[in-house]
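In what follows, a single structure is set out as structure tokens and then discussed.
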Amino acid sequence: MDTKDRFKIAVKKACKALQREAHYESVAPHHILARLYSSVLEDVLVSLKKGGTVPKAEETAAELIRLGVPKDTLDTTFMRIAIPLSNATFIFHRCQYPPGTVEVVWNKTRCVLRSGLPAKDLARTILDLDPLLPELEPAHKALIDRFAVERKARQVMRVTVKNQLEAVIPAMGIDCRYELLDGVVRLNMTRCYEGHVDVPLAELSAFLADPERIDAVLKPANEASANEIPHFNPVYSPF
């Protein structure tokens, strides 16, 4: 399977994963892009496997030069070798991270991973990957649009459910906390009673022996309500 096919499969896989994770509905668009970007790169560049090859920065840079990358474009320091291509900059770290670490910076987004590819295969994959990266932008936009539609639908659903519950539940003296889960409304309901009565000491035994008389004293508490359980959505950051 070539890099282009692996890239397309990785994009579909990442998009499906994001669609399943409902908490991303309120995350900023650039955080969604960061998650999409890192997921795709991890699949395409291959994370390190047990016993896999760990290419040195110099080895991968040398292979890229052999494949046509101009030597004078390399930015080399003691810490890393940075190679800017048409769309992204690929940084091969020497000291700051473990051996084999590659940092890819594209569209103000970065991903740091360890590749399990040999230097020659990694260099070829990088050259194939670079022109494909702009294809993440329409995939990202499609996700944002889908989330916007789903978020609007959920807002309408929340209002509908809230109105239905508030029209019935509080009047019954029931305190209700609820949440919406995949088309199901989960209700946690409690009903509290309170009552006050003065019972002459001589009549206490008779009062306690009459459950119906005790029940007649109790009335629903006034704190009945219907409230949605709040969900706090984490802001995703891969760094």
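Of note:
- Hits in region 160-178 - residues which are assigned to a helix (DSSP H, G or I) and not polar (S, T, N, Q): Val161, Lys162, Leu165, Glu166, Pro170, Ala171, Met172
- Near pairs, Cβ below 8 angstrom, 6+ apart or cross-chain, from region 112-127 (within 13 Å of Val69 (Cβ to Cβ)) to any residue that is aromatic (Phe, Trp, Tyr): Ile126/Phe90
Residue-by-condition table, conditions (1) in contact with a Pro (Cβ under 9 Å, 6 or more places away or on another chain); (2) modelled with pLDDT of 90 or more; (3) surrounded by 17 or more Cβ atoms within 10 Å (Cβ to Cβ):
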position	(1), (2), (3)
Ile32	no, no, yes
Val40	no, yes, yes
Val44	no, yes, yes
Glu58	no, yes, no
Thr89	no, yes, no
Gly100	yes, no, yes
Glu103	no, yes, yes
Lys108	no, no, no
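- Hey, Val184 without any contact (Cβ under 8 Å) to a residue 24 or more places away in the chain, more than 30 Å from Arg35 (Cβ to Cβ), of a type in the set (Val, Ile, Thr) and out of contact with any helix residue (DSSP H, G or I) (no Cβ under 6 Å at 6 or more places or on another chain) or not: no
- Residue in region 192-209 that is among the aromatic types (Phe, Trp, Tyr), closer than 29 Å to His31 by Cβ and modelled with pLDDT of 90 or more present: no
- Residues that are under 25 Å from Asp175 (Cβ atoms) and surrounded by fewer than 13 Cβ atoms within 10 Å (Cβ to Cβ), drawn from region 188-211: Asn188, Thr190, Tyr193, Glu194, Gly195, His196, Val197, Pro211
- Evaluating Lys141 against the criteria (1) assigned by TED's automatic domain parsing to the domain that holds Trp106; (2) in contact (Cβ under 8 Å) with a residue 12 or more places away in the chain leaves one unmet condition, (2).
The values are calculated or read from the model by the stated rules, or taken from the named source; none is laboratory data. All values reported here derive from a predicted model rather than from experimental measurement. When we count neighbours, we look across all protein chains shown, and the Cβ atoms used for this are built from the backbone with ideal geometry, even at glycine.
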